[in-house]
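Asks: Just dropping this structure here.
Coordinate-derived values only; no laboratory data. Just so you know, these numbers come straight off a predicted model, no measurement behind them. Here the Cβ positions follow ideal geometry from the backbone for every residue, glycine too, while neighbour counts run over all protein chains shown.
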Amino acid sequence: MSVRLRAGTWLQAGSVADLDRADVLGVPLPRDHERVPREALVLRDPSGTVRAYLNRCRHLPIPLDGGSRRYLDDGKRYLMCGTHGALFRREDGYCFEGPCRGDSLFALEVEIDPDGTIWISEHAG
Ligand code: FES
């Protein structure tokens, strides 16, 4: 997937049509201030609203998928930590089961152009 900048702090993150073909889009982000690679996870919530989260858990600074590229539980209802099996709601990133229960993933802002292009904020709000 190509990524281009929009007004400095927004990144193109595919299109809504891409989410018809894939449950979750992994979108590379610029590295953080310590040069650590970052990635966004873009998906639909149960209402169909497009959401984006940093691919990083709140209780350990590791990618949620543990590098497996598998982001969802078996039923594809929730985001899942590949290391601990913790489950996170799609609509708000809230962890309701697992070691970080009660915390929420870092959410990124999402905007969608009329043509379906998805834009995400580079930094968590
Ligand atoms: S790293 Fe936090 S639940 Fe697995």
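Asks: Among all stretches of the chain without exposed GluC sites (Glu not before Pro) (DSSP loop, at most 15 other Cβ atoms within 10 Å), which one is longest?
Replies: Result, exposed sites excluded: 35-90.
Asks: Continuing with this model, one more query. Could you tell me the largest-minus-smallest coordinate of the C-alpha atoms of the chain on each of the three principal axes, in descending order and whole angstroms?
Replies: 38, 35, 24
Asks: Let me ask something additional. State to the nearest 20 debye the size of the charge dipole of segment 5-121 about its Cα centre, where the only charges are +1 on K and R beta carbons and -1 on D and E beta carbons.
Replies: With only Lys, Arg, Asp and Glu charged at Cβ, the dipole is about 300 debye.
Asks: Okay, next question. Sort SER104, SER47, SER121 so that the residue with the fewest other Cβ atoms within 10 Å of its own Cβ comes first and the one with the most comes last.
Replies: Ordered from fewest to most neighbouring Cβ atoms within 10 Å, SER104, SER47, SER121 come out as SER47, SER104, SER121.
Asks: A further question on this structure: Could you pull out the trypsin sites (Lys or Arg not before Pro) across segment 6-55 that fall in loop regions by DSSP (anything but H, G, I, E, B) with no more than 11 other Cβ atoms inside 10 Å?
Replies: Qualifying residues, ordered by number: ARG31, ARG35.
Asks: State, to one decimal in nm, how far the label point of ASP73 lies from the label point of ARG44, with both points 7 Å from Cα in the Cβ direction.
Replies: 2.0
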